[in-house]
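Below is one structure, written out as structure tokens; the observations come after it.
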Amino acid sequence: MDTASVRVLVVDDNEPWRRFLSTTLAKRPGFRVISEASDGLAGVQEAEQLQPDLILLDIGLPALNGIAAARRIREVSPKSKILFISENRSRDIAAQALNTGAGGYVVKSDAATELLHAVKAVLQGKTFVSASLTGLDLAEPADDQSDDPQRKKVVAAFRAQKKARHEVEFYADDAGFVDGFACFIEAALKAGNAVIVIATESHQASLRQRLAADGWNVAAEIEQRSYIPLNVADTLSKFIVNNSPDPVLFRKLAGDLITEGARGAKGEHPRVVVCGEGVHTLLAAGHIEATVLLERMWNEIAQRYEIDVLCGYFRNPFASEEGISKLKRVCMEHTAAHGRELCY
């Protein structure tokens, strides 16, 4: 498609984002934003009436969500190219978006660097997916309406999962906590991995004593940044807003920490591993929804950066009938759960 004639429809319920997308394209020769819509139903109507060449489409739209809108647009404006631009990083959502026959999926936080590349690829009939989604297990669509071999090739490539562990352990007391975390930390250090430990000051002190007793020069490991101890309260304060984790703040903090840890890893195949009790801290304060959300964020980070994560809980919050329900929700968010039988 000749970019000199590209007519664009922007569909997003966030006015600043519509302005950003429209302004970005307006600065490029050959693009003309012919209309904007703030909900999915209006987006379908505009697409049917205007038959745009390119539609930039959000997922979380009022009236009609972006995926449902894309399916209708495929019917009423079949020649329009669709590029999803959303902050949603869910595997299922990303897969469903591609299943509509859309040409690409860009995560909003990556749009500043990826938008124009994505637009170019989609207009050329290629598939573009944000680099931050690489490694997601997007199954090839069963009801795919597109015969684009390039798109199917990209989707199929996403089947290869990154090798990551996101595990949980439940401890009866402080001694069990120190034993469990110490084993995890020592195994990581022996492999040449960098370890990020998020715990209370008292637990950090006990872990340092345990590691020193087992022959580790903890001060040297800290200096080399292969051992990074963080206070759990201070760490949570950096991304908890109104008693719930803020996704943008969390991803920024996690990315910075993992980047720092990667510099301290020294094995043949170095990795970064994280162990912490931040999730237990939220749960103990009565914030189960925030706990589950934080677990899901750690799962995303584990997959994105190919790291190992161990989340530590004490069994006390699960020692009731209501607690069993919470336990099951926590366990569902992990690749493996250890010690949960203590709660029954």
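Just so you know, all these numbers are worked out from the coordinates, no wet-lab data involved. Because the structure is predicted, anything quoted here is derived from the model rather than measured. No Cβ is skipped: glycine too gets one built from the backbone with ideal geometry, and neighbour counts run over all protein chains shown.
Rg over Rh for segment 165-343 works out to 0.95, using Cα positions for both radii and the Kirkwood form for Rh. Just add up the charged neighbours of R210: K/R +1, D/E -1, any other residue whose Cβ is under 12 Å from the Cβ of R210. Net charge in that neighbourhood comes out at -3. Taking other residues whose beta carbon is less than 15 angstrom from the beta carbon of P229, and scoring Lys, Arg as +1 and Asp, Glu as -1, yields -4. Taking Lys and Arg as +1 and Asp and Glu as -1, the other residues whose beta-carbon sits under 11 Å from that of D13 total -4.
For trypsin sites (Lys or Arg not before Pro), the sites in segment 29-94 that DSSP calls loop and that have at most 14 other Cβ atoms within 10 Å are K79. Place +1 on the Cβ of every Lys and Arg and -1 on the Cβ of every Asp and Glu in segment 165-343, take the dipole about the Cα centre, and give the residue among C331, A254, Q204 whose Cα lies farthest towards its positive end. About the Cα centre, the residue reaching furthest to the positive side is A254.
By the beta-carbon count within 10 Å of each Cβ, the least crowded to most crowded order of T281, T24, fewest first, is T24, T281. In plain terms, the residue of S320, S226 with the fewest other Cβ atoms within 10 Å comes first and the most crowded comes last, giving S320, S226. Of the chymotrypsin sites (Phe, Trp or Tyr not before Pro) found in segment 1-106, no site is in coil according to DSSP while having at most 10 other Cβ atoms within 10 Å of its Cβ.
For segment 73-88, 3J(HN,Hα) computed residue by residue from phi via the Karplus equation (6.51, -1.76, 1.60; θ = phi - 60°) reads 4, 4, 7, 8, 9, x, 8, 6, 7, 10, 10, 6, 10, 8, 8, 6 Hz, glycine and proline entered as x. For segment 193-201, backbone phi angles converted through the Karplus equation (6.51, -1.76, 1.60; θ = phi - 60°) give residue-by-residue couplings of 7, 8, 10, 10, 10, 10, 7, 5, 4 Hz, Gly and Pro being listed as x.
Treat segment 1-49 as a sphere of radius equal to its Kirkwood radius over Cα pairs and apply Stokes-Einstein at 10 °C in a medium of 1.306 mPa s; give the translational diffusion coefficient in µm²/s, rounded to a whole number. Answer from the Stokes-Einstein relation: 142 µm²/s.
Of the trypsin sites (Lys or Arg not before Pro) found in segment 248-278, those in coil by DSSP whose Cβ has at most 15 other Cβ atoms within 10 Å are K266.
For segment 1-95, the equivalent ellipsoid derived from the Cα gyration tensor has semi-axes of 20, 15, 12 Å, listed largest first. Residue by residue, segment 167-178 carries 3J(HN,Hα) couplings of 10, 9, 10, 10, 10, 7, 7, 4, 4, x, 4, 5 Hz when phi is fed to the Karplus relation 6.51 cos²θ - 1.76 cosθ + 1.60 (θ = phi - 60°); x denotes Gly or Pro.
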